[in-house]
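A.B. asks: Here's a structure for you.
The values are calculated or read from the model by the stated rules, or taken from the named source; none is laboratory data. Model, not experiment: these values are computed from the prediction. Note that we place each Cβ from the backbone using ideal geometry, even for glycine, and neighbour counts take in every protein chain shown.
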Amino acid sequence: MKKKVCIVTGTRAEYGLFYPLLKRLKSANEFEIRIIATGMHLSPEFGHTYKEIEGDGFPVDEKVEMLLSSDTETGISKSIGIGIISFAEVFGRSKPDLLIVLGDRFETFAAAVAAFIARIPVAHLHGGEVTDGVIDDSLRHSITKMAYLHFTSAEKYRQRVIQLGESPDRVFNVGALGIDAIRQTELLLKPELEERLNFQFGKKTALVTYHPVTLENATSEAQFRELLKALEEFDDLKIIFTHPNADTDGRVIIRLIDEYVTRNPERARSFPSLGTLKYLSTMKYVDLVAGNSSSGIIEAPSFQKPAVNIGDRQKGRIKAESIIDCMPVHDDIAAAIKKALSADFRETCMDVTNPYGDGNAAARIVDILKYELLNEITLKKGFFDLNESMTDRNDINSRSTGDADARKKYINC
């Protein structure tokens, strides 16, 4: 009998990461895929991106409405509560054998809580990471404690999940799915991309995505104005903006983007969602990526593109040498952009190695799931204590994907 695997996605970026895994799961005979779309996917403000999922040939089995029109702290908290109630109802009907979630969004947290209470095993992707500037950090670690299986994007993150008390036998460093998407996507040629975007690339073009820094109080507007002020210093730089996620104060940034594009229609264009194909194709042809999105950290190095990482939102992540960190003030941002556009720095980016894997994460995850779901998953018990559970610390460091003899039959890493 096929195992029923449920995947929850709440944002267009999250779905773009899931896409290579969904293709692998769909082609495997062992699984029946169930997709739940929630959050921004169902919002007209963010482009009704659940239609992109369906357009890719993946039916959306359930839609969980949980995103309120408010992006305040109170609104986000209420959304989480609505989400837990709604996911509990969905899981009660569908009774999946496994729930797969990714990252640190509040929608993901709500789904994990409902699954954990319903005793549905949870597989968590991108655990163990640190982003000091957002509440998502605590949500991510909370999801880790509710999850049974863990698929991390780097060895450092695997070690951190173990540090959180998870057994090394259930924590696998597989790399980042975003690299899979780059390797497996046939990107658009530049003329076709320009036609689809209705926007001509300039001699220099930047891709800008900036999200609120949710652990700071009302800083989003001031910091984004600093970014816009810095961009004004580069007259010959064209700009493609993508809208932020539905986080606290996200609508403030959207308003500022819309006002800027209205004032600069020949220079700038904004999109609620580009979708995976157009987003990755855009990243291929721009001269730099700027903002505070994880895509600048994880995907941009695979294109040998410089990325200007602004402020603390991604503080704590592993970064390639093509990443330029700067403070969220216009002088620092302008200096970072100038460095990113310089011939010397662009040349160094050509030799950068992406620390987030080789683009085979989806294959590794599916092989591990085949083994785990064939051998009935039991609810995890206890806390793996580094001081008491294993006397030889080197044993922890030696364990990685495919370490157990039984798993080696299914895993080739």
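A.B. asks: Just to be sure, is Pro121 crowded, with 19+ Cβ neighbours inside 10 Å, more than 23 Å from Pro212 (Cα to Cα) and in contact with a Phe, Trp or Tyr (Cβ under 7 Å, 6 or more places away or on another chain)?
C.D. replies: In short, yes.
A.B. asks: Are any of the residues in segment 23-40 in a loop (DSSP other than H, G, I, E, B) and either within 19 Å of the chain's Cα centre (by Cα) or under 19 Å from Ala111 (Cα atoms) (or both)?
C.D. replies: For segment 23-40, residues in a loop (DSSP other than H, G, I, E, B) and either within 19 Å of the chain's Cα centre (by Cα) or under 19 Å from Ala111 (Cα atoms) (or both): absent.
A.B. asks: Next up: Which one is surrounded by the most Cβ atoms within 10 Å (Cβ to Cβ), of the residues in segment 46-58 that are within 19 Å of Gly83 (Cα to Cα) and not aromatic (Phe, Trp, Tyr)?
C.D. replies: Thr49
A.B. asks: Just a yes or no: is a residue in segment 211-220 closer than 23 Å to Tyr15 by Cα and either surrounded by fewer than 17 Cβ atoms within 10 Å (Cβ to Cβ) or modelled with pLDDT of 95 or more (or both)?
C.D. replies: The answer is no, given that none of the residues of segment 211-220 is closer than 23 Å to Tyr15 by Cα and either surrounded by fewer than 17 Cβ atoms within 10 Å (Cβ to Cβ) or modelled with pLDDT of 95 or more (or both).
A.B. asks: Report yes if some residue within segment 81-91 is assigned to a helix (DSSP H, G or I) and under 23 Å from Glu30 (Cβ atoms); otherwise report no.
C.D. replies: yes
A.B. asks: If you don't mind, another one. Considering Glu347, Glu299, Glu321, which residue is of a type in the set (D, E, K, R) and surrounded by 24 or more Cβ atoms within 10 Å (Cβ to Cβ)?
C.D. replies: Only one candidate qualifies: Glu299.
A.B. asks: Next question. Inside segment 180-266, counting only helices (runs of 4 or more DSSP H) that do not spill past its ends, which hold 2 or more residues that are among the β-branched types (Val, Ile, Thr)?
C.D. replies: Passing ranges, in order: 250-263.
A.B. asks: Residues that are at positive phi, modelled with pLDDT of 95 or more and either hydrophobic (A, V, I, L, M, F, W, C) or crowded, with 24+ Cβ neighbours inside 10 Å (or both): does segment 247-260 have at least one?
C.D. replies: no
A.B. asks: Another question, then. Would you check which residues across segment 129-154 are buried (at least 23 other Cβ atoms within 10 Å of the Cβ), in a loop (DSSP other than H, G, I, E, B) and either out of contact with any helix residue (DSSP H, G or I) (no Cβ under 9 Å at 6 or more places or on another chain) or modelled with pLDDT of 95 or more (or both) and list them?
C.D. replies: Val134, Ala147, Ser153
A.B. asks: Hey, does segment 186-196 have a residue that's touching a residue at least 12 places away in the same chain (Cβ under 8 Å), surrounded by fewer than 22 Cβ atoms within 10 Å (Cβ to Cβ) and not aliphatic (A, V, I, L, M)?
C.D. replies: Checked against the condition, which is being touching a residue at least 12 places away in the same chain (Cβ under 8 Å), surrounded by fewer than 22 Cβ atoms within 10 Å (Cβ to Cβ) and not aliphatic (A, V, I, L, M), segment 186-196 yields at least one hit.
A.B. asks: State all residues of segment 103-127 that are farther than 25 Å from Ser69 by Cβ and of a type outside the set (D, E, K, R); if no residue qualifies, say none.
C.D. replies: Ala115, Phe116, Ile117, Ala118, Ile120, Pro121, Val122, Ala123, His124, Leu125, His126, Gly127, listed by residue number.
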